Amino acid sequence: MKKDTLRQNKDIFQADPIPGMEAVEQMLHQAVSDSHHFTNKICTDLIEAGGKRVRPLLVLSSAQCFGSLNQETVYTAVACELIHMASLVHDDVIDLSKTRRNKPTLNVQIGNHASVLVGDYLFAKAFEILSANKLLSSMNLVVEAIGEMCDGEIVQADNKFNLNQTMEDYYSRIYKKTGILIAACCQAGAIVGGAEDHEVEAFREYGKNIGYAFQIIDDLLDFTGNEKIMGKPVGCDLREGNITLPVLKLIAQAEYKQWIQGIFEQGNVGKSQYLEILRLMKDSYALEESYQEAVVCVEKAKAALGEIKDSPNKNMLLNLADKIIRRKN
């Protein structure tokens with residue numbers, strides 16, 4: 001493992017490594033070590049590209065709210081990160097993305113066909129770890145999450161350029177796309193840590209709401225982010241016809257909805273139109289209102305842990321919730 005991998009992960013989500021994170025990094029490499037040298041190189045490059053490692057961090061911290069670190073927790077954290085990595089590879093194929101973290105996406109490097117297989121391979125390795133270590137509860141959670149993630153992507157594809165969506169539609173979609181896996185990570189961590197059923201439910205509620213907040217901030221950054229910091233272009237969601245929260249806030253005003261519908265009917269959102277939509281979002285407070293919804297979700301997430309015994313790991317989870325609404329990538 002390259003030494004700079006851990007340094008790349010020490011962003012606002014992980015200012016100080018928590019117990020188990022280094023073991024996760026090592027086991028990620030071990031998980032793909034028995035593959036063909038070409039597959040191994042691809043997967044190793046993906047691992048060493050870094051990332052926020054939010055999902056294993058959630059597993060580790062949730063578990064350690066109830067006891068000391070154990071091997072089952074590390075296995076679960078590794079499996080959750082492999083599933084997340086696989087989903088990103090598949091997302092890039094679906095979205096025809098060209099860059100991620102300021103580097104060419106895997107589909108650009110090796111093509112869509114091989115990229116899909118790499119994603120499948122990572123999924124298989126995640127289930128191999130959970131199965132081999134008899135982590136049935138964690139497996140059930142992530143199986144459900146993967147099914148819902150796929151359903152969320154299908155629903156999104158079916159609703160491209162559809163402005164007749166409700167806030168309920170939006171939250172249902174982002175729960176499936178983002179919230180359910182994050183919630184599953186928190187629940188799985190709590191379970192392997194020895195939590196009671198009501199405590200596991202508290203962690204599900206925490207994870208669901210930080211998942212909401214995470215996706216809302218993602219949607220905002222698609223309009224306001226810095227491409228160099230984000231490592232990918234801005235404005236992709238709008239150009240692809242994905243209706244996100246800032247757009248829903250804007251089209252709540254009928255005249256804006258009609259105008260944007262006219263742009264969509266032309267089949268292309270040009271740069272000048274994108275900039276005009278961004279200006280209208282700022283003038284109409286659509287961006288600020290969206291941000292405030294993320295803040296509300298973070299407060300709900302923190303409140304969900306109210307009955308959990310105070311500990312450094314609980315504090316880490318509370319702080320992580322606050323950091324979500326300050327992130328730049």
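The values are calculated or read from the model by the stated rules, or taken from the named source; none is laboratory data. Note that this is a predicted model, so its numbers are computed, not measured. Neighbour counts run over all protein chains shown; Cβ positions are idealised from the backbone, glycine included.
Under the condition of being part of a helix (DSSP H, G or I) and more than 23 Å from F214 (Cβ to Cβ), the residues counted in the range 27-47 number 13.
For the range 256-266, state whether one or more residues are surrounded by 14 or more Cβ atoms within 10 Å (Cβ to Cβ), closer than 23 Å to Y212 by Cβ and hydroxyl-bearing (S, T, Y). No. Of all residues in the range 48-85, those satisfying the criterion of being within 19 Å of V118 (Cα to Cα), assigned to a helix (DSSP H, G or I) and among the hydrophobic types (A, V, I, L, M, F, W, C) are V78, A79, C80, L82, I83, M85.
Residues in the range 147-178 that are part of a helix (DSSP H, G or I), under 22 Å from K257 (Cβ atoms), of a type outside the set (S, T, N, Q) and out of contact with any Phe, Trp or Tyr (no Cβ under 8 Å at 6 or more places or on another chain): V155, A157, D158, M167, E168, D169, Y170, R173.
Can D237 be described as closer than 26 Å to G51 by Cβ and free of Cβ contacts under 8 Å to residues at least 40 places away in the same chain?
Working: closer than 26 Å to G51 by Cβ: yes; free of Cβ contacts under 8 Å to residues at least 40 places away in the same chain: yes.
When the stated conditions are applied, D237 passes them.
The condition of being more than 18 Å from Y175 (Cβ to Cβ) and buried (at least 17 other Cβ atoms within 10 Å of the Cβ) holds for only one of L287, L245, L275, that being L287.
Looking for something touching a Lys or Arg at 6+ places or on another chain (Cβ under 7 Å), crowded, with 23+ Cβ neighbours inside 10 Å and part of a helix (DSSP H, G or I) - is there at least one such residue anywhere in the range 110-125? Working first, answer last.
Here is the first cut: in the range 110-125, the residues touching a Lys or Arg at 6+ places or on another chain (Cβ under 7 Å) are none.
Within the range 110-125, none of the residues are touching a Lys or Arg at 6+ places or on another chain (Cβ under 7 Å), crowded, with 23+ Cβ neighbours inside 10 Å and part of a helix (DSSP H, G or I).
Among the residues of the range 154-171, the one identified as more than 15 Å from the chain's Cα centre (by Cα), hydroxyl-bearing (S, T, Y) and surrounded by 16 or more Cβ atoms within 10 Å (Cβ to Cβ) is Y170. Every condition in (1) within 22 Å of Y170 (Cα to Cα); (2) at pLDDT 95 or above; (3) of a type in the set (V, I, T); (4) in contact with a helix residue (DSSP H, G or I) (Cβ under 7 Å, 6 or more places away or on another chain) holds for I308 except the one numbered (1).
Please verify whether the range 86-96 includes one or more residues that are outside any helix (DSSP H, G or I) and modelled with pLDDT under 95. I'd like the intermediate steps shown before the answer.
Initially, the range 86-96 is screened for residues outside any helix (DSSP H, G or I), giving 96.
Keeping just the survivors that are modelled with pLDDT under 95 gives 96.
Yes: the range 86-96 contains one or more residues that are outside any helix (DSSP H, G or I) and modelled with pLDDT under 95.
Conditions (1) outside any helix (DSSP H, G or I); (2) in contact (Cβ under 8 Å) with a residue 12 or more places away in the chain; (3) of a type in the set (D, E); (4) within 30 Å of Q64 (Cα to Cα), marked per residue:
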position	(1), (2), (3), (4)
A213	no, yes, no, yes
I277	no, yes, no, no
Y291	no, yes, no, no
K309	yes, yes, no, yes
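Filtered by the rule that a residue be under 20 Å from N159 (Cα atoms) and either part of a loop (DSSP other than H, G, I, E, B) or modelled with pLDDT under 80 (or both), the range 218-240 gives a lone residue, G235.
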